[in-house]
Amino acid sequence: MPAPSWWKLTQHMVQATPHLSVMWAVFEEFRGVRVMTKAAEYREMNSDQLAFALKETQQELFRLRFQAATEKIDAPSSLKRLRRDIARIRTIQRQRELAVAAETE
């Protein structure tokens with residue numbers, strides 16, 4: 001079921017107003033939508049935790065793609081958020097690989 005037009009308008013207003021974005025994050029967390037993780041939070045994780053987070057995020061994205069295909073997805077924006085989370089995790093993993101390679105040279 002597509003989001004109603006007032007829902008998109010509300011999301012746009014929240015993005016334009018910083019203090020509303022905090023309230024929006026709390027609202028989405030209340031609805032059960034996982035809020036996007038900051039890169040700093042991923043950097044604090046060790047390699048095993050990062051690999052586990054990547055696996056979990058990929059599995060969640062897989063499930064949401066099926067929901068999107070059957071048009072039963074609650075928050076279509078969560079697909080974009082998960083793709084970005086995966087990119088963040090992979091970027092941090094690659095940075096760590098390059099740092100180890102630089103140290104060994």
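The values are calculated or read from the model by the stated rules, or taken from the named source; none is laboratory data. Quick caveat, the model's predicted, so the values are computed rather than measured. Ideal geometry is used to build each Cβ from the backbone, glycine not excepted, and the neighbour counts take in all protein chains shown.
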| In region 54-94, which residue that is exposed (fewer than 15 other Cβ atoms within 10 Å of the Cβ) and hydrophobic (A, V, I, L, M, F, W, C) is farthest from GLU44 (Cα to Cα)? | ALA69
| note | Of the listed residues (GLU60, GLU28), the one being part of a helix (DSSP H, G or I), within 13 Å of the chain's Cα centre (by Cα), modelled with pLDDT of 55 or more and assigned by TED's automatic domain parsing to the domain that holds GLU97 is GLU60
